[in-house]
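Have a look at the structure below, then the notes.
Read-outs: derived from the displayed coordinates by stated rules, not from any lab. As the structure is a prediction and not an experimental result, all values here were calculated from the model. Neighbour counts are summed over all protein chains in view; Cβ atoms, including those assigned to glycine, are modelled from backbone coordinates with ideal geometry.
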Amino acid sequence: MKALLLSLVLTCASFFTIAQKETTTLTWYNDVSLAAEAASTQSKPMLLFFTGSDWCGWCHRLQREVFNTPAFYTWASTNVILVELDFPKNKVQPQNIKDQNQLLQQQFQVQGYPTIWFVNVTKEDEKYNMKSLSSSGYMAGGPDVWIANAKSIIAGGK
């Protein structure tokens, strides 16, 4: 009887783990031109996540408390194109990505991390243009609070 119960618990746990992994994987672009093409094609705004992946504690906290949750996955997968603009201290990046990220950091006047900008993308003459909506950052209260703020920003830009 104990063996049957243990077997049942382990089976249920493995299904939960598989389901959780399937619902927590999102596509994060690091090339803004590819993200802009996807945003234009899908008529979605872009979420630009300025982060320091290997040193920023608040960035890690935002990812853990919001971005890595089922609620964020559900919302983001249907509402935004995700872009990670990383400023690592020790991680090696291709020079074109470093240059792109620095240019966008200057354009959006990012001075602290994490910073999230929401932008609408339009295509004119084979060129993508970004219109900034507003920015956000880490917010206490978990994914529901953060997503409500994001929805408000996006709704204000339509």
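With neighbours defined as other Cβ atoms within 10 Å of a residue's Cβ, the residues PHE67, PHE87 order from fewest to most as PHE87, PHE67.
In the calculated pair distance distribution of region 27-156, what percentage of Cα-Cα distances lie above 25 Å? For region 27-156, the fraction of Cα-Cα distances above 25 Å is 20 percent. Couplings 3J(HN,Hα) of region 51-56, computed from phi: 9, x, 4, 10, 8, 8 Hz, in residue order, whole Hz [Karplus 6.51 cos²θ - 1.76 cosθ + 1.60, θ = phi - 60°; x for Gly and Pro].
Each Cα pair under 8 Å and six or more residues apart adds its sequence gap; the mean of these over the residue count of region 27-156 is a relative contact order of 32 percent.
Residues whose amide H comes within less than 5 Å of that of ASP31, counting only those at least five positions distant or on another chain, are absent (H built at 1.01 Å from N in the peptide plane).
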